[in-house]
Amino acid sequence: MATEQLPMIRTLVTRKDVNLEVGCFCGILDFFPWVRRQFEITRGHLEVEFISVAQLTKQDGFDPEELQRLLREEGKLYFNVGGHNAAGALDQHGDPRNTSLARICSLDLAREKYDFVGKREWLQGVYDAVRLNDTQGTPIPGGRDHNLRRLMIGVKAVTNGDDQQTLRFLRLGFCGIFEACKSGGLDFEEAMEPQNIKRGVTQYCQRLKLDGENEWFGELIEQAKYGLDQEFKQAKRAVRQAKELGKTWEVEVPNMPKQQLRVIELLSDSLLAAQAARQFGFDIVILQRPANGERQLGRCQISCSDIYERDGRDQIATWRLDLGQVAAKLRIASAHLNGAELEGSFPDWTKSGNWFWSDGRNSRWYLTEFLTVVMSGSASSPNMPNHKIRHDRVVGIVVENLKYCRKLRKLAGQQEWHHVKRVRNGWEETD
């Protein structure tokens, strides 16, 4: 019996507000043509479509394998789109392995299908840094203030969030890093220095005879640096204004290295607003995105900073709050205001990812899989419906529930985070 000949994949469908993981995967496809063959992706031009992560909603009884087959017949591959099995995708969101703490990312799922890292030690360092940034929110090392992730934010600022331009920049940037690590013998942190990224991009473009790309990349790096500077100035102004308006609180959270956590509510569109607040010493940032100078219901992000435990000068552990308790209370409040009921029971409502109402609609609040950011209406899900909670009530829910949040701890020298609970002789890991 003849095997059905399927068309080559010619379209990659991924998330709006493109991130580092998507850029790395596309860079791998560009740098290693044989990886494309393994995924049955065309050697020619690969179209990229960007969709909202809120676009793929829960569909009871839908067969993910059937959807995967239909997509394959259309020559499409979904990557990091936020739908997991509901989308038949290379996507970790909702994967059972991530029900408590994130242990895998979309790059891991791609690598399970074909191990493109293999014994390439120089690539392993890049891969590890990108996956830890995605699964745990670990900062990308190297490059000081201008590594590729920081430059990505600058590119978004100067291009008004143009996903095609940002992805083009990331693909070239990763190829430059690969070139610097493979041919130049640099480790990942060295390769992340802007001058080494540019040098690697130059070598890559010369090798593939990519006319004009090197010059375009170099010019955009300088524009991105300027964009970062302007974003940070705007963010600092927002922090100062919030302090002047009294939009700050101190909340006692038991059994943390700090007796009281500092909370701030910001009104800002800056991409660096949360980072600026952390530099001012705030631990919990409630970021409301403005519309015409006013707080816009439906666009909000709550984040928790790393809190360090020290013994003298030595750092012995890093702590975070699992914001699942906050996410659950916000999901409940949105359900009441939208005339809906949540599926399941309270422990379920604290889980990461999207959660759904009993009628299948999205509950409006997304908890990242590293459990320290809750958001509604982000740049990756611009069509998320209104959560309808007043901004002052959002603040109240956050402040009232921080003391009930579970603790996360990572000991010095370790990579994995664990939930911990207080026991008689200290702390016990619960996962």
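The values are calculated or read from the model by the stated rules, or taken from the named source; none is laboratory data. Computed from a prediction, not measured in an experiment: that's the story for all the values here. Cβ placement follows ideal geometry from the backbone for every residue including glycine, while neighbour counts extend to all protein chains displayed. Note: areas computed on protein heavy atoms with side chains; ligands, DNA, RNA excluded. Shrake-Rupley method; radii C 1.70, N 1.55, O 1.52, S 1.80 Å.
Between amide H atoms placed 1.01 Å from N, distances below 5 Å from L287 occur with L266, Q301, I302, S303, all of them 5 or more places distant or on a separate chain. Given a 1.4 Å probe and the protein chains as shown, T11 ends up with an accessible area of around 20 Å².
Accessible surface of the stretch 167-321, 1.4 Å probe: 41 percent of it comes from carbon and sulfur atoms. Charged side chains reduced to their Cβ positions (Lys and Arg at +1, Asp and Glu at -1) give the stretch 310-431 a dipole of some 400 debye around its Cα centre. Between the stretch 1-52 and the stretch 382-396, the alpha-carbon centres lie 36 Å apart.
Taking every DSSP helix (H) stretch of at least 4 residues in the chain, weighting each as -39,500 (n - 2.57) and dividing the sum by the residue count yields a mean residue ellipticity at 222 nm of -12500 deg cm²/dmol.
Once the Cα-Cα distance is subtracted from the 0.36 nm per residue extended length, the E40 to D348 segment shows a gain of 107.1 nm. Take the Cα of E429, step 7 Å toward its Cβ, do the same at Q164, and the gap between the two points is 4.7 nm.
In order along the stretch 266-272, the Karplus-derived 3J(HN,Hα) couplings, from 6.51 cos²θ - 1.76 cosθ + 1.60 at θ = phi - 60°, round to 10, 10, 7, 9, 5, 6, 10 Hz, and Gly and Pro are given as x.
At full extension, Q315 and E73 could sit 81.8 nm farther apart than now, given 0.36 nm per residue minus the alpha carbon distance. Rounded to the nearest whole Hz, the Karplus-based 3J(HN,Hα) values (6.51 cos²θ - 1.76 cosθ + 1.60, θ = phi - 60°) of the stretch 347-363 follow the sequence x, 5, 5, 8, 6, 6, x, 7, 10, 10, 7, 5, 8, x, 6, 5, 7, with x at glycine and proline.
Computed on the stretch 352-431, with alpha-carbon pairs under 8 angstrom and 6+ residues apart, the relative contact order is 14 percent.
Extension gain for D115 to W216 (0.36 nm times residue separation, less C-alpha to C-alpha distance): 33.2 nm.
Helix 20-31 and the long axis of the chain differ in direction by around 10°, with both axes built from C-alpha atoms. Here the spin labels are modelled as points 7 Å beyond Cα on the Cα-Cβ line, and at K182 and Q279 they lie 3.6 nm apart.
Against the chain, whose longest principal axis is taken from its Cα atoms, helix 324-337 shows a tilt of about 80°.
With protein chains left intact and a 1.4 Å probe, residues in the chain average 47 Å² of accessible area per residue.
Close amide H partners of A317, meaning residues 5 or more places away or on another chain with modelled amide H under 5 Å apart, are E309, A412.
Measuring against 26 Å, Cα to Cα, the residue pairs K156/K236; K247/K421; K351/K421; K247/K351; K156/K329 contain K247/K421; K247/K351; K156/K329 as the ones spanning a longer distance. Over all pairs of different C-alpha atoms in the stretch 282-431, the reciprocal of the mean inverse distance, the Kirkwood hydrodynamic radius, equals 16.4 Å. Just for the stretch 226-377, what percent of DSSP beta bridges are antiparallel, to the closest 5? Here the antiparallel bridges make up roughly 85 percent for the stretch 226-377. Once you order the gyration tensor axes a ≥ b ≥ c over the Cα atoms, which shape class does the stretch 348-430 get: rounded for a/c under 1.5, otherwise prolate or oblate by comparing a/b with b/c? Here the stretch 348-430 falls in the prolate category. Between N19, Q301, Y127, the Cα set farthest toward the positive side of the dipole of the chain (charges on each charged residue's Cβ, about the Cα centre) is that of Q301. Model label sites at E189 and L245, defined 7 Å from Cα along the beta-carbon direction, differ in position by 4.0 nm.
When you work out D = kT/(6 pi eta Rh) for the chain at 10 °C and 1.306 mPa s, using the Kirkwood radius from C-alpha pairs as Rh and the Stokes-Einstein form, the result is 70 µm²/s. Of all DSSP-defined beta bridges confined to the chain, some 70% are antiparallel rather than parallel. What angle, in degrees between 0 and 90 and rounded to the nearest 10, separates the Cα long axis of helix 121-136 from the longest principal axis of the Cα atoms of the chain? The answer is roughly 30 degrees.
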